[in-house]
1. Take the residues of the stretch B:102-121 that are of a type in the set (A, V, I, L, M, F, W, C) and within 11 Å of another protein chain (Cβ to nearest Cβ): which is nearest to B:Phe147 (Cα to Cα)?
2. If I go through the stretch A:185-237 residue by residue, how many of them are under 14 Å from A:Ala111 (Cβ atoms) and hydrophobic (A, V, I, L, M, F, W, C)?
3. Only helices (runs of 4 or more DSSP H) wholly contained in the stretch A:52-170 count here; list those with 3 or more residues that are polar (S, T, N, Q).
4. Which one of B:Ala372, B:Ala308, B:Ala322, B:Ala339 is among the small types (Gly, Ala, Ser) and part of a loop (DSSP other than H, G, I, E, B)?
5. Looking at A:Ala163, A:Ala149, A:Ala200, which is the one that is away from chain B (no Cβ under 14 Å) and surrounded by fewer than 20 Cβ atoms within 10 Å (Cβ to Cβ)?
6. Would you be able to tell me the number of residues in the stretch A:74-115 that are touching a Lys or Arg at 6+ places or on another chain (Cβ under 9 Å) and either modelled with pLDDT of 95 or more or within 14 Å of chain B (Cβ to nearest Cβ) (or both)?
7. If you go through the stretch B:342-369, how many residues are among the charged types (D, E, K, R) and not in a helix (DSSP H, G or I)?
8. Name every residue in the stretch B:203-233 that is farther than 14 Å from B:Cys381 by Cα, touching a Lys or Arg at 6+ places or on another chain (Cβ under 9 Å) and among the charged types (D, E, K, R), in order of residue number.
Amino acid sequence: MASVSGQAGRQPVARAATRGAGLAALLWRRPWLRAVGLLSAPLAWFVLIYLASLAVLLVTAFWRINPFTTDIERVWSLDNFKTLVESATYRRIALRTVGMSAAVTVTDALAAFPFAWYMARVASSRVRSALFVAVMLPLWASYLARVYAWLLIFANNGALNWAADRIGLPSLGIGYSNWAMWIVFSYIWLPFMIIPVYAALERIPDSYAEASADLGARGWWTARRVIIPLALPGVIAGSVFTFSLTLGDYVTPLLVGGAGSDFIGNVVYQSVGVANNIPFAAAFATVPVVIMALYLVLARRFGAFEAL
Amino acid sequence: MTRQRARLTRPVGLLVLGTVLALVASGCGGGSSSSGGGATQAKPKLPTSIGPGEGQLNLVAWEGYAQPDWAKPFERQTGCKVSAKYAGSSDEMVALMRNGGGGQYDLVSASGDADLRLIYGKDVQPVNVDLIPSWNDFIPQLKSPPFNTINGVHYGVSYEWGPNVLLYNHQKVSQPSSWEVIYSPQFKGQITVPDNPIQIADAALYLSKKNPGLGISDPYELTQPQFDAAINLLKQQRPLIKKYWALASQEITMFKNGDAVVGAAWPYQTNTLQADGVKVADAIPSEGATGWADTWMLASKAPHPNCAYQWMKYVTTPTVQAQQAIYFGETPANTKACAEMDKQAKGSCAQYHANAPASYFDSIKFWKTPLADCGNGKSDCMPYTRWQQAWQEIKG
């Protein structure tokens, strides 16, 4: 009885094993099938959660609302995009957003490079750790708390005007202005530039600099011809962060900006939360998506993704 | 509970639809419609009593309209737990009531400029004022005002009202007698006004006195040339503005830190700043003022209608009316609240105009929804969507 049942029990196991071996062999023979099997689950996730929402966004942008009831009408038209292109106001807002993102990126690159240079090539390992902590520490505090802190610094009776008064300068009325936004954005996103630049600089072997010196290049020439080109992918990688983070922000303009400081994000926010015009918000939201797609293609050309 | 709800909403929904169609068909002027034309209209079937509470009440309200001072006793009395979502503008209130097809919120404390949009948009349903005893004590102008009562059908109960005031730092600015002070370069970079399209009406009100040739009689009913003149004025004003405030707290911070010395405000900001010892005062300049008259409106798909009726009954009582008036700095609809206000804070009845003559009420141009058809038979006024577009252009 026991042996019979054992016999009967072994049979399907053996068959399953053969089947398993067949599957393994099949996967071995067809590597692409293996790739599909491995990737399909995460890929489905990516497609459903990420690409599907982008597709919905894009589709909604071609619809419109009933101006009276603000119900969405599923009628296809290019009206939203026409408004965007034709209205000087929205053009100005888009340009302001892109211009500010570019200004913040350049500022952060200029500020981060010497800092990252010092961290990667000059500082002792003890100092380096301390600097790492100093760079990362602000990220532990809430974004909002940091923006509000700057609001207090820039206030009419705030720290900045107090300091200016102390050294005999007239008070700087930069609170609630584009200047204030520029400074706050540059401060908030600086760590996102320092880290990739540091990573790129650290990878450059010391021997390159020595070889350059042996060949007669002075310090500045070495920096220009050897170090900066090798660090450039890191700077571009950092710029992807600073540029995209500024491009999508709407809280800093809302809190720190003055009259005429609206970003694309603010118009999107108002279109959804105030005017209930989701199709127009979707249409405007495609603008940063397109800008970022172009930016990433360019960044790839410069090898930014190898530095990440 | 479910039966109660069905009885309340289904026929009402049909009737709202019918009313709206009738109104749209007759090209009703909205703001100018009177309550006399309801004779031929079938009266909606309204609840005749308030059933047992559902244990929950969801409000969309102005900041400071569901303070624990009066919301907590209400919860104890009725067992309806109050949760409030604060909105910063009438537009936001309308959006909240419509998001996801409604059905999340029971009541909204809508101002006059949101009321008609909510009524015509079928977002709110008729209310039986017989179930709200304090309604009989309301000032006559707020029993059936044109912005919440259409053809004798009430879409809510009036609550409180007040003027938009000119707030100024009285150490830096001597008491202004005209709104001109926020349009002239004298205080360039120290002016703040609300980030709200209805602000165009404030410019129109100022122009109606400053430039009578434009012939502006109602700041919410503007023809193209009148509208253009107001927009032009606001575009000239933009370089003078420090910031367009979106939340009352932003304006309070700016006055506290000295970033603004003059601006358009609600009495709420004056109260808060004065309580903090900031040297501010407010005034209603010679041109008069725009203002708000708020109504608690019942959502078409209110999930807790009995608690909603309980709330409307409760907040219109003299005690709560007085608490709200003193807290926000506005005027109660209930005439019996005056004595109660003086009991809670001496002199507050007179301070917040609860005993003022009818002429004071009439001097305020209350917010209402701008419609294309403004009663001149030509439908050539600027509708609210144009106001919203223009406002974005002004702000840049």
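The values are calculated or read from the model by the stated rules, or taken from the named source; none is laboratory data. Everything numeric in this text was worked out from a predicted model, so none of it was measured. Positions of Cβ are backbone-derived with ideal geometry, glycine not excepted, and every protein chain shown enters the neighbour counts.
1. Within the stretch B:102-121, the first condition is being of a type in the set (A, V, I, L, M, F, W, C), and the residues that meet it are B:107-108, B:110, B:114, B:116, B:118-119.
Now restrict to residues that are within 11 Å of another protein chain (Cβ to nearest Cβ): B:116, B:118.
Numbers: B:Leu116: 6, B:Leu118: 10 Å.
It comes out as B:Leu116.
2. Residues meeting the conditions: 10.
3. Values: elements: A:52-60, A:79-86, A:88-117, A:125-136, A:143-154, A:159-166.
Passing ranges, in order: A:88-117.
4. On the way: B:Ala308 fails: part of a loop (DSSP other than H, G, I, E, B); B:Ala322 fails: part of a loop (DSSP other than H, G, I, E, B); B:Ala339 fails: part of a loop (DSSP other than H, G, I, E, B).
Exactly one of B:Ala372, B:Ala308, B:Ala322, B:Ala339 is among the small types (Gly, Ala, Ser) and part of a loop (DSSP other than H, G, I, E, B), namely B:Ala372.
5. Numbers: A:Ala149 fails: away from chain B (no Cβ under 14 Å); A:Ala200 fails: surrounded by fewer than 20 Cβ atoms within 10 Å (Cβ to Cβ).
Answer to the check: A:Ala163.
6. Final tally of qualifying residues: 4.
7. Here is the first cut: in the stretch B:342-369, the ones among the charged types (D, E, K, R) are B:342-343, B:346, B:362, B:365, B:368.
Adding the requirement that they be not in a helix (DSSP H, G or I) leaves B:346, B:365, B:368.
Here the count works out to 3.
8. Within the stretch B:203-233, no residue meets the criteria.
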